[in-house]
Amino acid sequence: MEWATEVLSYFTSDFLWAGAVLAVKITVVSMVIGLTFGLVLALMRMSEYRPIAGVAWVYIWVMRGTPLLLQLVFIFDALPLVGLKFDSFTTAVIGFSLNQAAFSAEILRGGILSVSPQQAVAASSLGMGPMLTLRRIVLPQAMRAILPALANDTIGMLKMTSVASVIFVNELTFRAQQIVGENFKFFTVFAGAGLIYLLLTSIISIVQMTLERSLDPDRRQQAGPRGRLGFGRRGQVALPVATAGPARKASRVETVRELIPAASATSSDQPFLQCTNVWKAYGERDVLKGISFDVKPGEVVAVIGPSGSGKSTLLRLVNHLESIDQGEIRVGGRYVGYVKENGHLKPISGRARARAEVGVSMVFQSFNLFANLTALENIMEAPVRVHGVPKAEAEALARRLLAAVGLSSHADHLPQHLSGGQQQRVAIARALAVKPRLMLFDEPTSALDPELVGEVLSVMRALAEAGMTMVIVTHEIRFAREVADRVVFFDDGNIVEEGAPADVLDRPKMERTRQFLSAISNESDDEEVA
Ligand code: ADP
Ligand code: MG
């Protein structure tokens, strides 16, 4: 048992622990710097601007492709030549940080890519800038994919600090070797040092587990705002849901009318949305070929047309989620994120702010709720973070909106625990929370099971009755006929026909419209048979 006592004595040796502390210091500082720099590199690498992406790529290529040992020696010898003299600890931190940044960049990029880009589009449409979206929406979700790899790297780095002995950093392994050099007790000394490493890396593993648990949205939700703010779920059962059919609908229209800004209600003949000769191409392919169309305040326009005809593209152009090639689009008389110079539209920086100010909200086919936030938080996000509404006020508004869409009792649910129809109603509430003057719907019911379509359409109908200005891309012909003031038929990047629903849908003038309508009605007949 003598060897055991000896191992224990090395495991508790102050001399070895001083080296361990140094290793920990190098690891912690380098990891923090490496991650920060790594995030910058990851964002550069994902930049649309090729030279920026290229610089990041080259950096990562070199740092990942050469041994850390060489990098350390190089920095140690090269820096003094340009007049920079650091002690060996600082040199080690610089070397490890620069090296770690390259690895972190790729880990972070992987995590960011794992988050559905649709959520970022939704954030943009709400006026959230790229950095806000990254911090609030993308990184919290990406972290779950990032953490395990990052813990690997941290453990790897803690052990690799022994490499720093080449530049005379007196860390744990180096110290163990010094003892062995004197007493030749290989096994017990290295076993003692090994145990110290094992203890330290175990701590990293525990930190990893704790962080992973705290990042799990399900757990966060359980501990969530309900508990903190003391709201009981029972107290909030929605009144509109509890009351019967027509009364419920009337109160829904009432709530919505109260919540939407006056601009929609002002009946003016000036179009609120004005698209003039809009052209848009992707690569060689013209997707929109000179579209002109107007929407008056309070008007509800249904856009129909075959898949690929450019309907979504037009909606994305309206609040500058994509740039326009030719022509112009004005919302409330203004260009969104452009200024006009010598007859040409010039994009300006601060597009997010322009979007936030213009008052256009969008609802997507795939809902695009923020997966890391509860229904309530999804709705509060843009009012609080973009428009600076105090939290309590935003929460009150969000709860009223949830009630208006019949989801009061789901305030604290995560999107993944809601049905498609419920998610879409939350998405509509979220879009309304920024008090838009124009609502764009891009096939809001196409991703829903047939039995869930009705609940979403009824919310949209209430909006229409409340006087909201709306453009709705839809295949729900019956709904369009009932709710729309005007129907626009798109085909191949052109408006083929537009007019009152009864004219376009029941007595189409153009052969192409007739074909499309009969194809759609056959489809729904099939569904009814099936
Ligand atoms: P719709 O909504 O009417 O189905 P879209 O506006 O989504 O049609 O698309 C019109 C055409 O533009 C399609 O052919 C589509 O493949 C193409 N398209 C849309 N977005 C992009 C993009 N980001 N890059 C390249 N092509 C695109
Ligand atoms: Mg589309």
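The values are calculated or read from the model by the stated rules, or taken from the named source; none is laboratory data. Keep in mind the model is a prediction, meaning the values are calculated, not measured. Here the Cβ is made from the backbone with ideal geometry for all residues, glycine too, and neighbour counts use every protein chain on show. When the accessible area is computed, the model is the full protein with side chains, heavy atoms only, and any ligands, DNA or RNA have been set aside. Shrake-Rupley method; radii C 1.70, N 1.55, O 1.52, S 1.80 Å.
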Exercise. Say we look at segment 283-318 and pick out the residues that are in contact with a helix residue (DSSP H, G or I) (Cβ under 9 Å, 6 or more places away or on another chain) and of a type in the set (Gly, Ala, Ser); which of these is surrounded by the fewest Cβ atoms within 10 Å (Cβ to Cβ)?
Worked result: 298
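Any chance you could count how many residues in segment 298-320 are assigned to a loop (DSSP other than H, G, I, E, B), out of contact with any Gly (no Cβ under 6 Å at 6 or more places or on another chain) and within 13 Å of ligand 2 (Cβ to nearest atom)? Full working, then the answer.
Going through segment 298-320, the residues assigned to a loop (DSSP other than H, G, I, E, B) turn out to be 298-299, 305-310, 319-320.
Subset that is out of contact with any Gly (no Cβ under 6 Å at 6 or more places or on another chain): 299, 305-309, 319.
Subsequent filtering for residues that are within 13 Å of ligand 2 (Cβ to nearest atom) retains 305-309.
Adding up the residues that qualify gives 5.
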For this session: Take segment 370-403 and flag every residue that is open to solvent by 10 Å² or more (accessible area, probe 1.4 Å), assigned to a loop (DSSP other than H, G, I, E, B) and in contact with a helix residue (DSSP H, G or I) (Cβ under 6 Å, 6 or more places away or on another chain).
Result: 371, 372, 386, 389
Exercise. Within the group 286, 294, which residue is in a strand (DSSP E or B), closer than 27 Å to residue 517 by Cβ and within 13 Å of ligand 1 (Cβ to nearest atom)?
Worked result: 286
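Does residue 348 meet the test of being away from ligand 2 (no atom under 16 Å from the Cβ) and at pLDDT 90 or above?
On the way: away from ligand 2 (no atom under 16 Å from the Cβ): yes; at pLDDT 90 or above: no.
Here the answer is no, as residue 348 does not meet what is asked.
Does segment 49-71 contain at least one residue that is in contact with a Gly (Cβ under 8 Å, 6 or more places away or on another chain) and among the hydrophobic types (A, V, I, L, M, F, W, C)? Show your work before the answer.
Filtering segment 49-71 down to residues in contact with a Gly (Cβ under 8 Å, 6 or more places away or on another chain) leaves 68, 71.
Pick out the ones that are also among the hydrophobic types (A, V, I, L, M, F, W, C) and you get 68.
Scanning segment 49-71 turns up at least one residue that is in contact with a Gly (Cβ under 8 Å, 6 or more places away or on another chain) and among the hydrophobic types (A, V, I, L, M, F, W, C).
With the structure loaded, tell me whether residue 476 is away from ligand 1 (no atom under 16 Å from the Cβ), acidic (Asp, Glu) and more than 28 Å from the chain's Cα centre (by Cα) or whether it fails that test.
On the way: away from ligand 1 (no atom under 16 Å from the Cβ): no; acidic (Asp, Glu): yes; more than 28 Å from the chain's Cα centre (by Cα): yes.
When the stated conditions are applied, residue 476 does not pass them.
Could you tell me whether any residue of segment 330-343 is in a strand (DSSP E or B), away from ligand 1 (no atom under 15 Å from the Cβ), under 29 Å from the mean Cα position of the chain (by Cα) and at pLDDT 90 or above? Talk me through it step by step, then tell me what you get.
Keep residues of segment 330-343 that are in a strand (DSSP E or B), which gives 330-331, 334, 338-341.
Then drop every residue that is not away from ligand 1 (no atom under 15 Å from the Cβ), which leaves 330-331, 334, 338-341.
Still in the running and under 29 Å from the mean Cα position of the chain (by Cα): 330-331, 334, 338-339.
Adding the requirement that they be at pLDDT 90 or above leaves 330-331.
There is at least one residue in segment 330-343 that is in a strand (DSSP E or B), away from ligand 1 (no atom under 15 Å from the Cβ), under 29 Å from the mean Cα position of the chain (by Cα) and at pLDDT 90 or above.
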Exercise. Out of (1) over 20 Å from residue 117 (Cβ atoms); (2) open to solvent by 10 Å² or more (accessible area, probe 1.4 Å); (3) touching a residue at least 60 places away in the same chain (Cβ under 8 Å); (4) within 16 Å of ligand 1 (Cβ to nearest atom), the odd one out for residue 357 is which?
Worked result: (4)
Seminar exercise, completed: Sole miss for residue 337 among (1) more than 16 Å from ligand 2 (Cβ to nearest atom); (2) over 16 Å from residue 124 (Cβ atoms); (3) open to solvent by less than 10 Å² (accessible area, probe 1.4 Å) is condition (2)
Exercise. Can you name the number of the only condition in (1) within 29 Å of residue 143 (Cα to Cα); (2) open to solvent by 50 Å² or more (accessible area, probe 1.4 Å); (3) in a helix (DSSP H, G or I) that residue 80 fails?
Worked result: (1)
Exercise. Of (1) buried (at least 22 other Cβ atoms within 10 Å of the Cβ); (2) more than 9 Å from ligand 1 (Cβ to nearest atom); (3) more than 30 Å from residue 459 (Cα to Cα), residue 280 satisfies all except one. Which?
Worked result: (2)
Exercise. List the pairs whose first member sits in segment 304-329 and is within 20 Å of residue 504 (Cα to Cα) and within 7 Å of ligand 1 (Cβ to nearest atom), whose second member is assigned to a loop (DSSP other than H, G, I, E, B) and open to solvent by less than 10 Å² (accessible area, probe 1.4 Å), and whose Cβ atoms are under 8 Å apart, counting only residues at least 6 apart or on separate chains?
Worked result: 309/493; 310/493; 311/305
Exercise. When residues of segment 23-51 are filtered for being open to solvent by 40 Å² or more (accessible area, probe 1.4 Å) and assigned to a helix (DSSP H, G or I), how many remain?
Worked result: 16
